[in-house]
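What follows is calculated from the coordinates using simple rules that are stated; it is not laboratory data. If you're wondering where the values come from, they're calculated on a predicted model, not measured in any experiment. With ideal geometry, Cβ positions are generated from the backbone for all residues, glycine too; neighbour counts draw on all protein chains shown.
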Amino acid sequence: MTLLSIPDLIGRFHPVLVHLPIGILLLACLFQLLTINSRYAALRASVPFVYLLGGLGAVFSSITGYLLSQSGDYDGDMVGLHQWLGISVSIISLGVYLMYRKKVREALLNLTAVVLIVLITLTGHYGGSLTHGSDYITSALNDEGKGKAAVPPVPNVQQAVAYTHMIQPLLKNRCYSCHGADKQKGKLRLDTREFILKGGEDGKAILPGSAEESELIKRLLLPSSNEDHMPPKEKPQLTQEEIQLLTWWITEGADFNKKVAELKQSEKIKPVLLSFQTGGAKTAEAPGDVPAEEVTKADAALIAQLKQAGVVVIPVKGNSNYLSASFVTAKATPEILKLLSGLKKQLVWLNISGAGLDDKGLKMLSGLNAVVRINLSNNAVADQGMASLKELKHLQYVNLVATKVTVAGVEQLKDLERLNSLYLYQSAVNKNDVGRLKKMFPKVNLDFGGYIVPTLAKDTTEVKPPVSK
Amino acid sequence: MTRDELNAHRLIKEAQETQLRSFTRRHFLKESAMGLGALAMGSLLGGCNFGSKSSNPVLYDPAHPLLPKSPPFLGKAKSVIYLHMAGAPSQLELFDYKPELMKMDGQDCPQSLLAGKKFAFITGVPKMLGPQASFAQHGQSRAWVSENLPHFSTMVDDVSFLKAVSTDQFNHAPAQLLIHTGSPRLGRPSMGSWATYGLGTENQNLPGFVVLTSGGSFPDAGKSIWGSGFLPSVYQGVQCRSEGDPVLFIKDPNGMSRDLRKASIDAINASNEQEYANYNDPEILSRVAQYEMAYRMQISAPEVMNINDEPQYIHEMYGTQPGKACFANNVLLARKLVEKGVRYVQLFDWGWDAHGDGPNNSLNIGLKNKCRSIDKPITALLLDLKQRGLLEETLVVWGGEFGRTPMMENRNGVQNPYNGRDHHTDAFTIWMAGGGIKKGYTHGETDEIGYSGISGKVDAFDIQATILNQLGFDHEQFTYPFQGRPFRLTDVAGKVIHDIVA
C-alpha cells in the first residue's frame with residue numbers, strides 16, 4: 001500500500017458516512033418545524049445541538065466525498081453538482097447553528113429548515129444517481145426491464161447490423177451504467193466506438209480478432225465469485241448466448257458497420273444468433289411438450305373426483321392449466337375413464353401403464369385432443385384401440401411396450417405428424433415388419449427394444465492378486 | 001385384585017403422575033415466557049417479509065407431505081437414478097485418456113504440480129503413473145472409454161460426459177456430503193430430499209426417495225448423505241435392502257394379523273393426533289402420515305422390491321445375483337422403483353478407493369473387479385430404461401465424490417505396494433444420461449495429464465443446479481426458510497450446465 005492510496009481509502013467511506021448528516025440534519029429540521037406547535041416546545045432546546053452535530057457530519061462527508069470524486073470513476077458534471085450541493089448543506093447547517101446563537105427570528109429559522117430539507121433531498125438524489133445510475137428510480141416503474149433480454153429481439157438477425165442492433169444494446173443494458181457517460185469505472189467507457197477501442201486503465205478492453213485475449217471476454221468468463229468478474233455479481237448477468245455473441249463479434253474483428261450476414265458464422269454460432277431473432281428467444285422450453293396456446297382451467301370437481309379415485313392429476317408446471325395424469329396406483333375402470341375423458345382440452349401427458357386398460361377403455365379416451373405423451377404400456381390394448389389415437393394430432397410420444405398391438409395397429413398412427421417417439425418393445429409387432437415400419441415412420445424414433453448385454457468371460461470372473469509378492 | 005390388574009393400575013398411575021409432573025410452576029413460567037416472547041417476535045418479524053417479492057411458499061403440507069406436486073417449470077425428468085461410486089473411481093483408468101501421462105510414467109512429479117497443493121496421503125515427491133488401462137474411441141461421438149468398461153463403451157452415444165468436474169474437498173465424507181447436500185458439513189438436506197420436498201411422489205404406497213447400498217460397506221459420510229437436514233424428516237431417503245426383506249421387519253410378526261396391525265396403527269395415530277392438538281408440531285402429522293404409509297408399504301413394497309419376478313433374460317441382462325446384496329440387483333431394483341413412480345433412487349456402491357495399499361485397492365486388480373461388477377448392470381439399466389420408453393423421463397447420473405491423482409500414491413513418502421492413486425480434487429469425470437440430457441456429448445476437457453480442467457469446468461453446485469433444472473426447478477428460486485433465511489441446495493453458487501441440456 002502506498003501513501004498515495006490513503007486518501008483513496010478514506011474517500012471510499014463517503015457512501016457510509018454520508019447517511020449520518022442526512023439523518024441528523026433532517027431530524028434537526030423536523031424538530032425545528034415541530035416547535036411551531038407549542039405542544040413540542042420542549043424540543044426547542046435540543047435543536048441547535050442537533051444542527052451542530054449534523055453540520056459537522058456534513059463537513060466530514062464533504063471531505064470524504066471530495067476524495068472519492070478524485071478517483072475519476074464518476075461523471076464530472078454530476079459530481080460537480082452533487083459536490084456543491086453537499087458543500088452548501090454543510091455551510092448552511094453550521095450557519096443555522098450560529099443563527100440560533102444570535103437568536104434570530106423564529107420565522108427565519110423555519111424557512112431555513114425548509115430550504116435545508118430541499119437541499120438535502122437534492123444532494124442525496126444526485127449522490128444516489130452517481131452510485132446507482134441516473135435511471136435507478138425510474139427503472140423501478142418499468143419493472144419488466146429486469147427479466148427482459150438485454151438485446152431486444154431483431155426481426156431478421158442476418159440483416160441486422162451486428163454492432164448497432166445487437167452488441168450496442170447489449171452493452172447499453174449491461175455495461176453502460178458503470179462504463180458510460182455517467183460513470184467510468186476503471187476509466188473504461190463502452191458507449192462509443194472510440195472509447196471501446198481505447199480501453200481503460202488496465203489496457204485494451206478488446207483485441208479485435210482474438211476474443212480469448214480480450215480483457216472484456218476474460219472478465220465475463222471469470223467465476224462470479226472472482227472480484228474481477230464482470231458484471232459484478234449483484235448486477236444482472238449476461239446469458240450464455242450473449243457471451244457467445246460478444247465472443248463471436250470480437251473474433252470476427254469487432255466490426256462496427258457490417259451486417260451479421262457479412263460476417264463469418266460457424267455452425268456453433270448460428271443457433272445462438274437465431275435465438276436473438278423475434279420469436280427465437282424461447283430456448284428454455286422445447287416447443288411442443290405442451291401446446292403453446294392458452295387453455296381454460298379444467299373443472300375442479302372433476303379433478304377432485306379423479307384424485308379421489310387414486311389418479312394423480314397435477315398441472316404440468318406451476319400455474320399451467322395443462323394437466324398430466326398418472327395411473328400408477330389406479331385402475332382404468334370405465335367410471336374413471338369417463339371422468340378422465342372430461343379433461344379434453346387440458347390433459348397433455350397421460351401415463352396409464354399397467355392399469356388394466358383395454359381397447360374399449362381406450363375408445364373412451366379418443367376425445368382427449370390435447371394429449372402429447374401417452375404411455376399405454378403393459379395393457380391389453382390391441383390394434384382396434386389404435387384407431388382411438390388417430391385423431392390425437394398433438395401426439396409426440398406413444399408407448400406401446402408390452403401391448404397386443406401389431407403392425408396393423410401401428411400403421412394407423414402414420415398420419416400423426418408430430419409423432420417423434422414410438423416404443424414397441426414386447427408388443428405384438430412381428431420382427432419381419434420392422435423394416436416396413438421404419439420406412440413408414442422415417443422421422444420417428446422407433447424402439448423395438450429386446451437389447452441384449454452379452455455376458456463376457458470377464459463379467460463373471462475376477463482379477464486375482466499375484467500369489468506371492 | 002390380580003397381579004396383572006395391579007400392574008396395570010400401577011402403570012396408569014405412573015402415566016398420570018408423569019403427565020402431572022409436566023405441569024409444574026417452572027413449566028408454566030417457561031411456557032408463558034417463551035410464548036409471550038414468541039408472540040412478540042412473530043409480530044416483529046412479520047414486518048420483515050413486507051413487500052418482498054419472494055414467491056416461495058413452503059410446499060410442506062404436514063398432513064399429506066408426499067402428495068405429488070408440479071414443478072414451477074416444465075421438467076424433462078420425472079425421476080432420478082443417481083449411481084454413486086463411493087470411494088471415488090479413477091477417471092484416468094475409465095474415461096479421461098491421457099497418452100502424455102504414459103510418457104511421464106515413473107518420473108518424479110514436477111514441482112509445479114505440488115506447489116501449494118495438499119493431498120490426503122501423498123507426501124514429498126511422488127512418481128507419475130501412466131494410465132493403467134488401454135483406451136479406445138467408441139460410438140459416433142468418438143468418446144474415449146477404457147477396456148475396463150467394455151459394455152458401457154457401447155452406450156457412449158446416449159450419454160453426456162462432464163470431464164472437468166472439480167471439488168474442494170479431498171476426504172470422502174465431506175466430498176460426498178458436498179455432492180449430495182451442497183455442503184461439506186452435516187445438516188443440509190440431500191438432493192433426493194429436495195426433489196421429494198418439491199415434487200412429492202406419484203406412488204403413495206412407496207417412499208418417494210429410496211436409497212440402496214452395495215459393496216459391503218456404507219459410504220463414508222454415513223446416512224447424512226440421504227438425510228433431510230432442515231427439511232421435514234418425511235423427505236429423508238428410505239434405505240432399503242436388495243437382499244431378504246426390502247425393509248427390515250416389514251413383515252407382520254407371527255400372530256399379528258393385518259386387522260390387528262391396522263387397529264394398532266389407528267390407535268397410535270389417534271394418540272399422535274391428540275398430541276398434535278396439544279402441541280401443533282407439524283412433525284407429529286408427518287409421523288402420522290408415515291405410519292399410514294408404512295402400513296400401505298407392507299403390502300406394496302415386498303411386491304415392487306422383489307426382483308425375482310423379473311424374467312430370466314432381464315436377470316441375465318443386468319447380471320444379477322439373486323439372493324445376494326449386490327450392485328446389479330440394486331440397479332434392477334432402481335428401474336422397477338422408477339417404473340412404479342418413485343421420484344429419486346440413490347445407489348451407493350462402496351469400494352472404489354484405489355490407493356494401491358492392497359490388492360483390492362489397486363488399479364490393476366481391485367478397480368478392475370469393481371468395474372466388472374458395474375459394467376453390465378449400468379449398461380443394462382440404460383438399455384432397459386430406453387426400451388421401456390422411460391429413459392426420456394429418467395435422469396441417470398454416474399460419478400464419485402472426487403477424482404484421483406495422475407501421480408502414484410506414496411503414503412508417508414513410501415511407495416505403495418500396488419499401483420494406486422491418491423484423492424484428487426481438481427479434475428474428475430461424471431456422466432449423465434436421459435431425462436433431457438444431450439446424447440453423445442462431452443463437456444469440458446482436462447490438461448495433458450488430466451491434472452486440472454482447462455475448459456468446461458463444473459463443480460458440485462453446477463451438477464445440482466442441472467439436476468434440479470431437469471426436474472423443472474430454478475435452483476436459485478427453490479428455497480426453504482430455515483433459521484431466518486431462505487436456503488438453497490446450491491447455497492450461493494451453481495450454474496445450470498446448459499451445454500449438456502438437450
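Seen from every direction in turn and averaged, the convex hull around the alpha carbons of chain B projects onto 29.6 nm². Between the amide H of B:Val80 and those of B:Tyr344, B:Val345, B:Leu395, distances stay under 5 Å, these residues lying 5 or more places away or on another chain, with hydrogens modeled in the peptide plane.
Phi angles across region B:261-275 convert, under the Karplus curve 6.51 cos²θ - 1.76 cosθ + 1.60 with θ = phi - 60°, into 3J(HN,Hα) values of 4, 4, 4, 5, 5, 4, 5, 4, 5, 4, 6, 5, 5, 5, 4 Hz, Gly and Pro given as x.
Give me the one-decimal Kirkwood hydrodynamic radius in Å for region B:217-376, with the sum taken over alpha-carbon pairs. Mind dumping the intermediate values first?
Details: mean 1/r = 0.0537 Å⁻¹.
Over region B:217-376, the inverse of the mean reciprocal pair distance is 18.6 Å.
Computed across region A:300-447, the Kirkwood hydrodynamic radius from all distinct Cα-Cα pairs reaches 15.3 Å. Based on the Kirkwood approach, the hydrodynamic radius assigned to region A:157-274 is 14.5 Å, with every pair of different Cα atoms included.
All Cα-Cα separations within region B:178-238 were binned at 5 Å from zero, giving a P(r) of 4, 21, 29, 22, 15, 8, 1, each value a whole percent of the pairs.
When Rg and the Kirkwood radius Rh are both evaluated on Cα atoms of region B:156-266, their ratio Rg/Rh stands at 1.08.
Between the amide H of A:Tyr451 and any residue lying 5 or more places away or on another chain, no distance stays under 5 Å, with hydrogens modeled in the peptide plane.
With both residues required to sit in the protein assembly as shown, DSSP beta bridges show an antiparallel share near 45%. For region A:300-447, DSSP calls about 20 percent of its internal beta bridges antiparallel.
Over the Cα atoms of region B:380-474, the radius of gyration divided by the Kirkwood radius equals 1.09; this is the Rg/Rh ratio. Averaged over the residues of B:376-385, the number of partner chain Cβ atoms lying within 10 Å of the residue Cβ comes to 3. Per residue, the convex hull spanned by the Cα atoms of chain A amounts to 340 cubic angstrom.
Each residue of region A:1-48 gets 76 Å³ once the volume of the Cα convex hull is shared out per residue. For region B:349-403, the average shadow cast by the Cα convex hull is 4.3 nm², which is a quarter of the hull's surface.
Give the angle, between 0 and 90 degrees and rounded to the nearest 10, that separates the Cα long axis of helix B:25-46 from the longest principal axis of the Cα atoms of chain B. It works out to around 60 degrees. Both radii are taken from the alpha-carbon atoms of region A:5-132; with Rh as the Kirkwood radius, Rg/Rh is 1.03.
From the P(r) of region A:262-386, could you give the percentage of C-alpha pairs in the tail past 25 Å? Within region A:262-386, distances greater than 25 Å cover 36 percent of Cα pairs. Please report, to two decimal places, log10 I(q)/I(0) for the protein assembly as shown at q = 0.05, 0.08, 0.09 Å⁻¹ as given by the Debye formula with identical point scatterers on the Cα atoms and no solvent. Taking Cα atoms of the protein assembly as shown as identical point scatterers yields -0.42, -0.98, -1.16.
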